[in-house]
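The values are calculated or read from the model by the stated rules, or taken from the named source; none is laboratory data. Quick caveat, the model's predicted, so the values are computed rather than measured. Cβ atoms come from the backbone with ideal geometry, glycine included; neighbour counts cover every protein chain shown. Areas reflect the complete protein model, heavy atoms only, side chains present, ligands, DNA and RNA absent. Shrake-Rupley method; radii C 1.70, N 1.55, O 1.52, S 1.80 Å.
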Amino acid sequence: MGWFRAGSSVAKLAIRRTLSQSGSYTARSRILPSQNRYFHTTIFKSKAQTAPVPRPVPLSKLTDSFLDGTSSVYLEELQRAWEADPESVDESWDNFFRNFVGQAATSPGISGQTIQESMRLLLLVRAYQVNGHMKAKLDPLGLEEREIPDDLDPALYGFSEADLDREFFLGVWRMAGFLSENRPVQTLRAILTRLEQAYCGSIGFEYMHIADREKCNWLRDKIETPTPMQYNRQRREVILDRLIWSTQFENFLATKWTTAKRFGLEGGETLIPGMKEMFDRAADLGVESIVIGMPHRGRLNVLGNVVRKPLRQIFSEFSGGTKPVDEVGLYTGTGDVKYHLGTSYDRPTRGGKRIHLSLVANPSHLEAVDPVVVGKTRAKQYYSNDLDRTKNMAVLIHGDGSFAGQGVVYETLHLSALPNYTTGGTIHIVVNNQVAFTTDPRAGRSSQYCTDVAKALNAPIFHVNGDDVEAVVHACELAAEWRQTFHSDVVVDLVCYRRFGHNEIDEPSFTQPKMYKVIRNHPSSLQIYQNKLLESGQVTQEDISEISEKVSTILNEEFVASKDYVPKRRDWLSAYWTGFKSPEQISRVRNTGVKPEILKNVGKAITTLPETFKPHRAVKKVYEQRAQMIETGEGLDWAMGEALAFATLLVEGNHVRLSGQDVERGTFSHRHSVLHDQETGEQYCPLDHVIINQDPEMFTVSNSSLSEFGVLGFELGYSMENPNSLVMWEAQFGDFANGAQVIFDQFISSGESKWLRQTGLVVMLPHGYDGQGPEHSSARLERYLQMSDDNPFVIPEMDPTLRKQIQECNWQVVNVTTPANYFHVLRRQIHREFRKPLIVMSPKNLLRHKDCKSNLSEFDDVKGHPGFDKQGTRFKRLIKDQNMHSDLEEGIRRLVLCSGKVYYELDDERKKNNASDVAICRVEQLCPFPYDLIQRELKRYPNAEIIWCQEEPMNMGAYHYVAPRLATAVQALGRGTFDDIKYVGRSPSAATATGFYVVHVKEQTELVKAAIQPEPIKFHTTV
């Protein structure tokens, strides 16, 4: 083996000689040609060519990245101290020096060896453990020109060719790997052979960045085994079968649909046998369910060969597909391209077990699905009582460009060890094509590897040559074992290539001519493996042909069957969702009021603290006031209304989960759901004690990491698993939600339409203009309304017994103004036969507003109480004027429609001006638009001019959503046209709000006055 490297030039030899003679060291930057990366390494050049027994070198002169000068001086002093008095050093060092002296006395082969030599040899071993991956054969195309680090050159440590068969003393260390074999004396050749086999083959291991000794030792034991991983004939036949399936599946699609985009796996076909062996191993280790997230590359192959989606269904979708027919509750939707679709199936494993696999649907936005998968996995763990997180596992497949480039990757990794977000480890597989669309790695990342971001989490990384299928299988199995042993993330970097362009009709030679010249002549991984097996004699050509013909026959049979394939299974429903209705089925509207005695009981439970608990005095006062609210039944504020919604849902057996930045206390210090003992620091959550023996996770409120994209995606995935849960995400301020815009655009607003997946996720976005400036005023209400899919020019069926308006809309957007209505809108999310996302413009100054209060009677279901109307006690989509108007009020000159907290300012102005001829109605549910209630109010005030008043600028807020719908309602009653709807509010603006408080006050005062003014209002009044 070429362990020792000759100098590339006379100059290099001269430098080496000079360095070895002087015994000095130097630091230089080294360029790795393939990546154009610069590394700074301090290296030592010693005399390597002369005497067979190296001259002892003082350790203080040996300085490199593993043992700095300070440590080496310490070791010399330790040696001198031991020689003077063995009891003056630690027992472990005493053992080392005694062993060394003993071995040196009894073994003539090491008589000339020094302790420093032994230490240098240990440094060489460590160099392989740290940097051996730099010498591993990872690139199947052989294009990578990596310079081997000098750390791996034995000459650097004072060894020469003459030393190869000398025996060296390694010591009896408490270490793993081959150092644990209790063979303290080995030849240098044997040591180097073992290190090369372990660290420089088809797998490059990166794990020495992990600070945990136990984890490193576990990996060393797995990596440094005396013989490389060998598979018997039976295992090799299984691997071959799976590789043939993977390869012929792509070939078949390429033959039948030559011009179709399918984002095939050619060049990375070993992913399929790798994943299947990983899943088999995981099942043997106790995994029962795996949630998979992946991009488009290779997705169809994974769907067909790993998840076992029927091939005829995949082929049918290629041919254009057909919608399901003759099925009750048919779900149509708008659909999505075939390489975005998800599915779930149970499949048997090689070990005779069954495992449930779910592939989550995702958009083209790479990596956006990552947190969704992790959230869904966490939910599965909760519902299956998987406390040690070993039965449910997430597997994420990435591209090399996106893993290094997309920030949500780090956001997701960052959740992995947080108590309320951990899933016990995610397995990451990077399908590393060594090119991202047309971008070379040197333009796509600043790090050596695309996987370097995972080092921040102390995750081990296994780089593996994608052409070596057995190495891929070994790395995948090792990843499964790591996850089940240490319950933390692990990365498999499958270094492969993309045989064709980004898609099959793309021309890659435009931008990577050299790479694709090599690829055109490069054999497939199947050809390489077949040749290997034929040479070994374990498999014959007849065996290979038999498997190949079997696969070909099945593919052709499934293709024929696909022409008549009609999907019948309601694939969008998992077991938990049985009985839930699609938009084509009418769902009955239910009351959300609660019996008064239940309200009283849970109210007392959530306002009572343990006698020995010592909360902050201000928080104690808050809880005393809440107890008083329950006792008197009056003055319930926003936080109390929310707590009652949570508590009553818990009593009914529902899971409640709230997360986001600072949600435990609340951004505005209003919620205080988790209390802290001021003396002990102990925490107490009253909502954890609503029912006897309550599961500690049944109510979960959790401060999140400072992330929007990752955490909102996580909660979305969590909400999709089980409908009997209220899952909420709250932004710190609504303004910050746009950090998660991809989740809103690609998943929440359109996921049901594209992928037939329902979710009842609640998103709370603090919104309201109170002078806090452009980044703390607006939740961008207009964006959510603009994404709503209801038709502004058609009034849908509004009869309560036939109404499907909410079911047919993509989501609900509300701007609620009373604690009772907030209580009911949260409970409505659960008390219905379908699920729909809810976007809440939650308040800020209304949290403590003197008039924003509700009585307990508005929460109950008692007939005749204030909250009870013709239908019962439920969420009010529109709150009528509170001045006890009759069904016909001809004397009202103006009807002001508004939404949100501006109502209270308008009402104050009306009282101040005694403007009793102005009616103010609050539109609590903006989307879908409450046409029936709007028309009820229009009929009540036949002579009133119609005003829409808002505090947001004209180009923001609800105006552009409300105006055409209000016009449709007006025209249907013959009350006028669009021009008869007047606007009062701020002028159009680029920024959401002014940064000057005095300007804010002036604008707010003027718009409120304009809405109540005695004079008729011009078409648009802007301030």
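Near Glu945, the amide H atoms lying under 5 Å from its own belong to Arg894, Leu895; only residues 5 or more places off or on other chains count, and H is placed 1.01 Å from N.
Only Lys, Arg, Asp and Glu carry charge here, each on its Cβ (+1 for the first two, -1 for the last two); on that basis the range 703-854 has a dipole of about 440 debye about its Cα centre. Among the protein heavy atoms of the range 596-859, carbon and sulfur supply 49% of the accessible surface, probe 1.4 Å, non-protein parts ignored. Toward the positive end of the charge dipole of the range 596-859, with +1 on the Cβ of Lys and Arg and -1 on the Cβ of Asp and Glu, the farthest Cα among Phe646, Ile748, Cys852 is that of Cys852.
Rolling a 1.4 Å probe across the protein heavy atoms gives the range 880-1012 an accessible surface of 38 Å² per residue. Estimated at 0.36 nm per residue, the fully extended path between Arg80 and Ala963 surpasses their Cα-Cα distance by 309.0 nm. Look at where the Cα atoms of the range 915-970 and of the range 608-681 average out, and the two centres are 35 Å apart. A convex hull fitted to the Cα coordinates of the range 911-951 yields 93 cubic angstrom per residue.
For the range 596-859, the convex hull drawn through the C-alpha positions has a volume of 148 cubic angstrom per residue. Between the listed residues Ile223, Ile239, Phe249, the Cα displaced farthest toward the positive end of the dipole of the range 208-261, a dipole computed from Cβ unit charges relative to the Cα centre, is found at Phe249. Per-atom-type breakdown for the range 880-1012 gives carbon and sulfur 52% of the accessible area (1.4 Å probe, protein chains only). Report the calculated FRET efficiency for Asp799 and Gln538 (r = Cβ-Cβ distance, R0 = 60 Å), to the nearest 0.05. Between Asp799 and Gln538 the formula returns 0.25.
Its convex hull of Cα atoms gives the range 880-1012 a direction-averaged projected area, equal to a quarter of the hull surface, of 7.9 nm². Report, in listed order, any pair from Lys853/Lys911; Lys595/Lys876; Lys222/Lys380; Lys380/Lys600 with a Cα-Cα distance greater than 24 Å. Going by Cα-Cα distance, Lys222/Lys380; Lys380/Lys600 fall outside the 24 Å limit. Here each label is just a point 7 Å from Cα along the line to Cβ, and for Asn883 and Lys517 those points are 8.5 nm apart. Charging the Cβ of each Asp and Glu at -1 and of each Lys and Arg at +1, and nothing else, the dipole of the range 880-1012 about its Cα centre rounds to 20 debye. Each residue, Glu652 and Glu679, gets one label point 7 Å from its Cα in the Cβ direction; the gap between the two is 4.1 nm.
Stretch Ile148-Asp908 to full length: gain in nm at 0.36 nm per residue minus the Cα-Cα span?
Computed gain between Ile148 and Asp908 is 265.9 nm.
Rolling a 1.4 Å probe across the protein heavy atoms gives the range 596-859 an accessible surface of 34 Å² per residue.
Relative to the compact-globule scaling 2.2 N^0.38 Å, provide the ratio for the alpha-carbon radius of gyration of the range 589-701.
1.04
Taking Cα centre as origin and charging only the Cβ of basic (Lys, Arg, +1) and acidic (Asp, Glu, -1) residues, the dipole magnitude of the range 625-670 rounds to 140 debye. With an a/c value of 1.5 or above and a/b not larger than b/c for the gyration tensor axes a ≥ b ≥ c computed over the alpha-carbon atoms, the range 402-484 is described as oblate.
Subtracting the Cα-Cα distance of Gln786 and Asn591 from their residue separation scaled by 0.36 nm leaves 67.3 nm.
Taking label positions 7 Å along the Cα-Cβ direction at both Thr258 and Glu808, the computed distance is 4.6 nm, reported to one decimal.
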